[in-house]
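The values are calculated or read from the model by the stated rules, or taken from the named source; none is laboratory data. Note that the structure is predicted; figures quoted are calculated from it, not measured. When we count neighbours, we look across all protein chains shown, and the Cβ atoms used for this are built from the backbone with ideal geometry, even at glycine. What goes into the accessible areas is simple: the full protein's heavy atoms, side chains included, and nothing from ligands, DNA or RNA. Shrake-Rupley method; radii C 1.70, N 1.55, O 1.52, S 1.80 Å.
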Amino acid sequence: MTYDAALDVALNRLHDEGRYRTFIDVERQRGAFPLATWHHPDGSAREITVWCGNDYLGMGQHSDVLAAMHEAVDSAGAGSGGTRNISGTTVHHKRLEAELADLHGKEAALVFTSAYVANDATLSTLPKLFPGLIIYSDALNHASMIEGVRRNGGAKRVFRHNDVVHLRELLAADDPNLPKLIAFESIYSMDGDFGPVREICDLAEEFGALTYIDEVHAVGMYGQRGAGVAERDGQMGRIDIINGTLAKAFGVFGGYIAASAKMVDAIRSYAPGFIFTTSLPPAIAAGAAASVRYLKTAQHLREAQQMNARILKLRLKGLGLPIIDHGTHIVPVHVGDPIHCKILSDMLLENHGIYVQPINFPTVPRGTERLRFTPSPVHSAPQIDELVKAMDTLWRHCALNRAEASA
């Protein structure tokens, strides 16, 4: 076999389909987010505005977070030095897990190197703890959840997205004596829609199932203390396992689960994705703990972010753009073609200094390609004006070109 030729075929396929992914070399500017420096491939540098980051509240630049990280570096050094079991559990990890357990009103929390790993490791381990477990998974669950369910070797059922009627049918069709778990998300990040948390909890109680919710796009963002949609909806006590991230609204790095002390102890003891991985650096854990602590009382940031999201949606809708609006903080603009999506992204960056990454297959289904904007409370009114004007100009330009090409 000619291995290089096979690689060429695979990569050329992505280029031909218009979904080859290019990385933009971005240097964030401390204290100036959402401004950043774009290092162009030709060697030049230019200031841009980031409109697609997941640092939803700008906490990656917050003084409390940076101070905690500096202090931890000075006191503990760079790395953790090992897995959690072998010298890698520090006071900073324990403080972070205590903050997270308190945030979600759970007995315990467990920190992983990412929310992806937390989902994969937990969902793939649960059938070892509950023999015969059936997992009911929403059709649009994140890849990390799909992978965890796929790898666990147990039975699975996929219910249509947010379709509680279909979920009920699947639950009712299975042996009532078998253990069950319903895995779903509170916010689905590509369309920006909410999961039916209360209705799923009702079904779980009716059929004796555990509940597993992925709140990665909601923690820090919703609820009186930023615990997520389950807190906002008064359902947090009905959720058995909560998955969250420290890398989005909390602005740092890592992931976690929060649950009962016994559940956390079992995952800690059985999940290879936790056992055999070096723990987070102490400075990361310290910064994340400071962010979680701060956002418990920072409702003003959540309100400002939601206001900017509403303003941006309203103004883009006023231009007649196809906005997908389910009431969350995420602002997707439907393009529907990978090549046009990439062209729009490139022109926004090159001509207007606005960075938004195209979202193509397999992240979203073919034909639903989009630009996904994530306004933050630190995006200013002039920056929103610049984005709206640029989208107006480019959308009309691309529409004209498409019309001429089809004529």
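Scanning the stretch 304-343 for residues that are assigned to a helix (DSSP H, G or I) and β-branched (Val, Ile, Thr) yields a total of 3. Quick check, is PHE207 open to solvent by 10 Å² or more (accessible area, probe 1.4 Å) and in contact with a Pro (Cβ under 9 Å, 6 or more places away or on another chain)? Yes, satisfied.
Quick check on the stretch 282-291. Is at least one of its residues open to solvent by 40 Å² or more (accessible area, probe 1.4 Å) and either in contact (Cβ under 8 Å) with a residue 24 or more places away in the chain or in contact with a Gly (Cβ under 7 Å, 6 or more places away or on another chain) (or both)? Before the answer, list the steps.
Filtering the stretch 282-291 for residues open to solvent by 40 Å² or more (accessible area, probe 1.4 Å) gives none.
There is no residue in the stretch 282-291 that is open to solvent by 40 Å² or more (accessible area, probe 1.4 Å) and either in contact (Cβ under 8 Å) with a residue 24 or more places away in the chain or in contact with a Gly (Cβ under 7 Å, 6 or more places away or on another chain) (or both).
The number of residues in the stretch 270-300 being in a loop (DSSP other than H, G, I, E, B) and within 21 Å of ALA118 (Cα to Cα) comes to 6. Only one entry of ASP174, ASP191 meets the criterion of being closer than 25 Å to ILE324 by Cα and either in contact with a Gly (Cβ under 9 Å, 6 or more places away or on another chain) or of a type in the set (Asp, Glu) (or both), and that entry is ASP191. For GLY195, the criteria (1) out of contact with any Phe, Trp or Tyr (no Cβ under 7 Å at 6 or more places or on another chain); (2) open to solvent by less than 20 Å² (accessible area, probe 1.4 Å); (3) at pLDDT 95 or above hold in every case but one, which is (1).
For the stretch 27-67, the set of residues classified as closer than 21 Å to SER291 by Cβ, in contact with a strand residue (DSSP E or B) (Cβ under 6 Å, 6 or more places away or on another chain) and of a type in the set (S, T, N, Q) consists of GLN29 only.
Pairing residues of the stretch 360-386 that are within 29 Å of LEU140 (Cβ to Cβ) and part of a loop (DSSP other than H, G, I, E, B) with residues that are open to solvent by less than 30 Å² (accessible area, probe 1.4 Å) and of a type in the set (Ser, Thr, Tyr), at Cβ distances under 6 Å and at least 6 apart in sequence or on separate chains, gives SER376/TYR56.
Condition (residue is at pLDDT 95 or above, farther than 19 Å from ALA247 by Cβ and surrounded by fewer than 19 Cβ atoms within 10 Å (Cβ to Cβ)) applied to the stretch 18-28: is it met by at least one residue? Checked the stretch 18-28: no residue is at pLDDT 95 or above, farther than 19 Å from ALA247 by Cβ and surrounded by fewer than 19 Cβ atoms within 10 Å (Cβ to Cβ). So, of the residues in the stretch 377-398 that are over 26 Å from the mean Cα position of the chain (by Cα) and open to solvent by less than 40 Å² (accessible area, probe 1.4 Å), which turns out to be modelled with the lowest pLDDT? In this case the residue turns out to be CYS398.
Counting the residues of the stretch 15-48 that are part of a loop (DSSP other than H, G, I, E, B), touching a residue at least 12 places away in the same chain (Cβ under 8 Å) and among the acidic types (Asp, Glu) gives 2. Among strands (runs of 3 or more DSSP E) entirely within the stretch 49-167, having at least 2 residues that are under 28 Å from PRO375 (Cα atoms) singles out 108-112. Taken over the stretch 350-369, the criterion of being within 24 Å of the chain's Cα centre (by Cα) and open to solvent by 10 Å² or more (accessible area, probe 1.4 Å) is satisfied by TYR355, GLN357, PRO358, ILE359, ASN360, PHE361, PRO362, THR363, PRO365, ARG366, GLY367, THR368.
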